[in-house]
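Participant: Take a look at the following structure, please.
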Amino acid sequence: MTESTPASADLATLHSALANEQIVLQSVAGATTSEAGVRATIYLSTLSSGLVALGFSGSTPGLLVTLTFTLLPTIFMLGWFTVVRLVDNTVENIAVRQRMENIRAHFAGLHPSGPSLLVSGDARTGEYGVRYGRSSFLFTMASMVAAVNCVLGGVLVALALSEGLGLATLAAQLTGMVVGVVLLVSTLTYERRRIRAANIARRPAELQNTVLEA
């Protein structure tokens, strides 16, 4: 009885530490989600304000051109910074969620009824009723901001070609569309690679080689 006391004390200490870690991870997850929402709101608000300013300057051609080629490039760069950070937020959430799942799995293994109460993963409906697939990254805040920003980039190119270089309107518009599509594909590819690498890192070691070889 005396010999088991230190082990019991160590186990109690471990459980206390894990409970505290779970609370910390929940706070980190909440802060990360909140930051992503704030960043997306800042970008969209800045873009909206910039477009309103351009609308008010429409009656003055010289001022309109000046604002167009100063405001829109600045907002475009802000959009790229926002997208990169939003992808970081997604990766951080994946890492935090994995650590929380590991803690939950530990507690689930302490009692025979633990898995049915604490582990809620389901192959059909997914965890918490949401099933994530390969295309789920298209519906993140990063993808939303990327789509809007790539449209802005295409518009900038079209305006630069038509107003700055005097290219025909139709040719400038088609070029802007192509540039916008290329930017969007490149951004989504970057996001997918980051998320895929994070998902591979959270899988068991024996599955990683299979995923990498696929």
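Participant: Take THR46 and tell me if it is touching a residue at least 24 places away in the same chain (Cβ under 8 Å), assigned to a helix (DSSP H, G or I) and either under 23 Å from the mean Cα position of the chain (by Cα) or farther than 30 Å from ALA142 by Cβ (or both). Please lay out each step first, then the result.
Facilitator: Values: touching a residue at least 24 places away in the same chain (Cβ under 8 Å): yes; assigned to a helix (DSSP H, G or I): yes; either under 23 Å from the mean Cα position of the chain (by Cα) or farther than 30 Å from ALA142 by Cβ (or both): yes.
Yes.
Participant: So, of the residues in region 1-22 that are surrounded by fewer than 10 Cβ atoms within 10 Å (Cβ to Cβ) and among the aliphatic types (A, V, I, L, M), which turns out to be modelled with the highest pLDDT?
Facilitator: ALA7
Participant: Output the number of the condition that PHE76 fails; it satisfies all remaining conditions of (1) modelled with pLDDT of 85 or more; (2) surrounded by fewer than 17 Cβ atoms within 10 Å (Cβ to Cβ).
Facilitator: Status for PHE76: all satisfied but (2).
Participant: Quick check: is even one residue across region 65-73 more than 29 Å from ARG104 (Cα to Cα), under 24 Å from the mean Cα position of the chain (by Cα) and in a helix (DSSP H, G or I)?
Facilitator: The initial filter retains those residues of region 65-73 that are more than 29 Å from ARG104 (Cα to Cα), namely 65-73.
Subsequent filtering for residues that are under 24 Å from the mean Cα position of the chain (by Cα) retains 72-73.
Within this subset, residues satisfying the condition of being in a helix (DSSP H, G or I) are 72-73.
Looking through region 65-73, at least one residue is more than 29 Å from ARG104 (Cα to Cα), under 24 Å from the mean Cα position of the chain (by Cα) and in a helix (DSSP H, G or I).
Participant: While we're on this one: Which members of region 23-44 meet the condition of being over 18 Å from ARG97 (Cα atoms) and surrounded by 15 or more Cβ atoms within 10 Å (Cβ to Cβ)?
Facilitator: Answer for region 23-44, where residues must be over 18 Å from ARG97 (Cα atoms) and surrounded by 15 or more Cβ atoms within 10 Å (Cβ to Cβ): ARG39, ALA40, TYR43, LEU44.
The values are calculated or read from the model by the stated rules, or taken from the named source; none is laboratory data. All values derive from a computational prediction rather than experimental measurement. With ideal geometry, Cβ positions are generated from the backbone for all residues, glycine too; neighbour counts draw on all protein chains shown.
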